[in-house]
Amino acid sequence: MSSTYNETNNFEMIDMDKELENFLQSDKTGEAPTKEPLRQYYFMNRLKQWVAAENEKNQKPLKFLTQTFGCQMNAKDSEKLSGILETIGYVETDTEEDADFVVYNTCTVRENANMRVYGRLGYLNSLKRKNPNLKIALCGCMMQEDAVVDKIKKSYHFVDIIFGTHNIFKLAELMYSRIHSKRMVIDIWKDTDQIVEDLPSERKYKFKAGVNIMYGCNNFCSYCIVPYVRGRERSRNPEDIMKEIKHLVDQGVVEVMLLGQNVNSYGKTLESPMTFSELLMEIEKIEGLERVRFMTSHPKDLSDSLIEVMKDSKKICNHIHLPLQSGSTKILGIMNRKYTKEDYLGLVERIKSAMPNISLTTDIIVGFPGETEEDFLETLDVVRKARYDSAYTFLYSKRTGTPAAAMENQIEEDIAKERFNRLLKEIQEISAERTGRDKGTIQKALVEEVNGQDNSLMTGRLSNNVLVHFPGNSDLIGKIVNVHLKESKGFYYIGELV
Ligand code: SAH
Ligand code: SF4
Ligand code: F3S
């Protein structure tokens, strides 16, 4: 088994577009360069030749599937993986049965995310018996856990490549070594302080795109595994972010979603620090860009200047996702969230008085260790006061290695479930009432796709993130149109073009 384990990485990076351009025009033979991303383009080129030969031999193209198991950042990483595979010459497919290369980009935020991966792995093994050329790669957050990698090494021999969250960009190099070593290749980095720019990315939509503005997380909420599997917080240079967005706009993108675990602390780690609201003001100036979204906002870092910038902006969407987690100040303290119930409600108040029609959404955890009925009632109280447009609710899930997993006062499942159901009912009632509030008005919608159930209808997204379905044709996809919101259906609208 060839296995590399790096405490930190010490590769060199290039920062000159010219050097990359020259390299791409060279014949890319000889020794692999040490600089990134040149090194990866070198391996992509070697694999391109290999894929072409395989295609010739088999008289059909090699196909790949990348499967995202986690959040938007995980999805963004999958686009990078797909970009590399397409550059190499693989053709995308949407079924495992048809694929010669399957990449599972895993998530470990809650136990059920892990279970889904193990469940599917058994099935992949059966496919590999039918197609011995099938290659299986596992990457992403779950692979940053030693226990997971040990289990796969022991019980899932048929896996070909394992890598983590910090070296997504290395897929081509890892594939190359797998093809030549004929053994499982494992490459997991503990952490990294580098950001590799300028690699290919295959976007799911032509008209909207996620853009990483930062990686990692330094908050260590006591229940959460993300800081352990995504490493320390690091921000991308504003120049790189601007260059990427301008490039996306040139390709027809009208809406970007700025991604980070805590976008409100953007820029703190930069050589010349910059705030998130300053970054937003720069992005706002990009001509041709129509809409800007971001996620996620940590309440402790959401500044008044961000509220001001949002209020005055023509492009920032009318929506803030503001995870609450719990409404009990006691539980918030143990969660290490660094705000109280009153701080949170005060923030909601400031946001709503500046932008009365804003959509607020949230994440809530039920059944955190030590949560009493009184604590839970505090959560319900915040839900009633904040009047969320929608909320993601989660049963607390014990993550090995986090402080909360070692707490003694874990909550019994039936108590947690009962609270969960009460919370859900409350949220659904408020959410249905909130979503209907724009009924009868005319709003701008970005047309995203043909409605899955009725293909005479198009589906568009309003600035506040709610969907509207209306009669129209597929020429409208990617355009921002005015829609009259005729009818509210609780979580979406039925409308008509005006
Ligand atoms: N960085 C984001 C959240 C990323 S994880 C933030 O701070 O808001 C997405 C959501 O998963 C969290 O908001 C939390 O509600 C939930 N979550 C994280 N760890 C969890 C756990 N151990 N059990 C249940 N839900 C969890
Ligand atoms: Fe997890 Fe907290 Fe970081 Fe969000 S801010 S990723 S919940 S540790
Ligand atoms: Fe999951 Fe990793 Fe995202 S654990 S939620 S994929 S950061």
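Please treat every number below as a calculation from the coordinates, not as lab data. Note that the structure is a prediction, hence the values are computed from the model and not measured. Quick reminder, even Gly has a Cβ in these numbers, built from the backbone with ideal geometry, and neighbours come from all protein chains shown.
Taking θ as phi - 60° and the Karplus parameters 6.51, -1.76 and 1.60, the scalar couplings of the range 303-309 work out to 8, 5, 5, 5, 4, 4, 4 Hz in sequence order, x denoting glycine and proline. Shown for Ser359, Ser272: other C-beta atoms within 10 Å of each C-beta, ranked fewest to most, produce the order Ser272, Ser359.
Just check the range 38-114 against the gyration tensor rule for me: Cα atoms, a ≥ b ≥ c as the square roots of the eigenvalues, rounded for a/c under 1.5, and otherwise prolate or oblate depending on whether a/b exceeds b/c. Oblate, because a/c is 1.5 or more while a/b does not exceed b/c.
In this label model, Asn58 and Lys479 are separated by 4.1 nm, measuring between points 7 Å along each Cα→Cβ vector. For the range 229-319, the share of alpha carbon pairs falling in successive 10 Å distance bins from zero is 16, 52, 29, 3 percent. Less than 5 angstrom separates the built amide H of Gly495 from those of His469, Phe470, Lys486, all sequence-distant by 5 or more or on a different chain.
Compute the Cα gyration tensor for the range 279-433, then decide on rounded, prolate or oblate, letting a ≥ b ≥ c be the square roots of its eigenvalues: rounded whenever a/c is under 1.5, prolate when a/b is larger than b/c in the other cases, and oblate in all that remain. Don't jump to the answer; show the numbers that get you there.
Details: a/c = 2.26, a/b = 1.86, b/c = 1.22.
Judged from the Cα gyration tensor, the range 279-433 comes out prolate (a/c at least 1.5, a/b above b/c).
Straight-distance candidates among the lysines for linking to Lys352, with alpha-carbon spacing under 16 Å and chain neighbours fewer than 8 residues away dropped: Lys311, Lys385. The HN-Hα couplings worked out from phi for the range 251-260 by the Karplus form 6.51 cos²θ - 1.76 cosθ + 1.60 (θ = phi - 60°) are 8, x, 6, 10, 10, 10, 10, 7, 10, x Hz, whole numbers, x standing for Gly and Pro.
Of the GluC sites (Glu not before Pro) in the range 312-408, which ones lie in a loop per DSSP and count no more than 11 other C-beta atoms within 10 Å? Walk me through the numbers on the way to the answer.
Details: sites: Glu342, Glu349, Glu371, Glu373, Glu374, Glu378, Glu408; in loops: Glu371, Glu408.
Answer by residue number: Glu408.
Listed by Cβ neighbour count within 10 Å, with the fewest neighbours leading, Glu96, Glu173, Glu233, Glu287 appear as Glu287, Glu96, Glu233, Glu173. Net charge dipole, the range 362-488: roughly 660 debye, given to the nearest 20, about the Cα centre with Cβ charges of +1 for Lys and Arg and -1 for Asp and Glu. In this rough spin-label picture, where each label sits 7 Å from Cα along the Cβ direction, the Asn237-Thr29 distance is 3.4 nm.
Taking neighbour Cβ counts within 10 Å as the exposure measure, how do Val103, Val450 sort from fewest upward? Spell out each step's value before the answer.
Details: Val103 28, Val450 17.
Lowest to highest Cβ neighbour count: Val450, Val103.
Dimensions of the range 422-468 based on its C-alpha atoms, expressed as ranges along the principal axes with the largest first, amount to 37, 24, 16 Å.
Couplings 3J(HN,Hα) of the range 406-423, computed from phi: 8, 6, 7, 8, 5, 8, 5, 4, 5, 5, 4, 5, 5, 5, 4, 5, 5, 5 Hz, in residue order, whole Hz [Karplus 6.51 cos²θ - 1.76 cosθ + 1.60, θ = phi - 60°; x for Gly and Pro].
Starting from the alpha-carbon convex hull of the range 413-498, give the projected area averaged over all orientations, in nm².
Numbers: hull surface 26.0 nm².
Mean projected area of the Cα convex hull: 6.5 nm².
Look at the dipole of the chain built from charges on Cβ: of Asn125, Gly490, His298, the Cα furthest out on the positive end belongs to Asn125.
Under a 5 Å amide H cut-off, with hydrogens placed 1.01 Å from N, His319 pairs with Ser359 among residues at least 5 apart or on other chains.
Placing a label point 7 Å from the Cα of Asn218 along the Cα-to-Cβ line, the residues of the range 240-269 whose backbone N sits under 17 Å from it are 260-269.
Subtracting the Cα-Cα distance from 0.36 nm times the residue separation, let me have the gained length for Lys151 to Glu487 in nm, one decimal.
In short, 115.8 nm is gained.
Place a +1 charge on the Cβ of each Lys and Arg in the chain and a -1 charge on the Cβ of each Asp and Glu, then give the dipole magnitude about the Cα centre in debye, rounded to the nearest 20.
Details: 67 positive and 74 negative charges, 168 e Å.
It works out to roughly 800 debye.
Where the centroid of each part is defined by its Cα atoms, how far is the range 198-237 from the range 448-485 in Å? Using only Cα atoms to place each centre, the spacing works out to 29 Å. With 0.36 nm allotted per residue and the present C-alpha distance subtracted, the Lys190-Thr441 stretch has 85.2 nm of extension available. Database note for the chain: Cys without another Cys beta carbon under 4.7 angstrom, Cys71, Cys107, Cys139, Cys141, Cys217, Cys317. Here the chain is treated as a Stokes sphere of Kirkwood radius computed over C-alpha pairs; at 37 °C and 0.692 mPa s its diffusion coefficient rounds to 134 µm²/s. The range 269-285 and the range 331-371 have their alpha-carbon centroids 25 Å apart.
May I ask which residue of Asn455, Ile411, Leu199 lies farthest towards the positive end of the charge dipole of the chain, with charges of +1 (Lys, Arg) and -1 (Asp, Glu) on Cβ and the Cα centre as origin? Result: Asn455. Of the residues Trp189, Pro33, Tyr156, the one whose Cα sits farthest toward the positive end of the charge dipole of the chain, with +1 on the Cβ of Lys and Arg and -1 on the Cβ of Asp and Glu, is Tyr156.
For the chain, the longest principal axis of the Cα atoms and the long axis of helix 38-58 meet at an angle of about 70 degrees. Net length available on complete extension from Tyr118 to Glu287 is 56.3 nm, with 0.36 nm assigned per residue and the Cα-Cα distance removed.
Check each of the chymotrypsin sites (Phe, Trp or Tyr not before Pro) in the range 21-60 and keep only those in coil by DSSP with at most 11 other C-beta atoms within 10 angstrom; list them in order. Spell out each step's value before the answer.
Values: sites: Phe23, Tyr41, Tyr42, Phe43, Trp50; in loops: none.
Qualifying residues, ordered by number: none.
Summing Cβ point charges (Lys, Arg +1; Asp, Glu -1) relative to the Cα centre of the range 327-422 gives a dipole of roughly 440 debye. What shape does the range 258-297 have by the C-alpha gyration tensor, where a ≥ b ≥ c are the square roots of the eigenvalues, rounded means a/c under 1.5, and otherwise prolate means a/b greater than b/c and oblate the rest? Oblate, since a/c reaches 1.5 and b/c is not below a/b.
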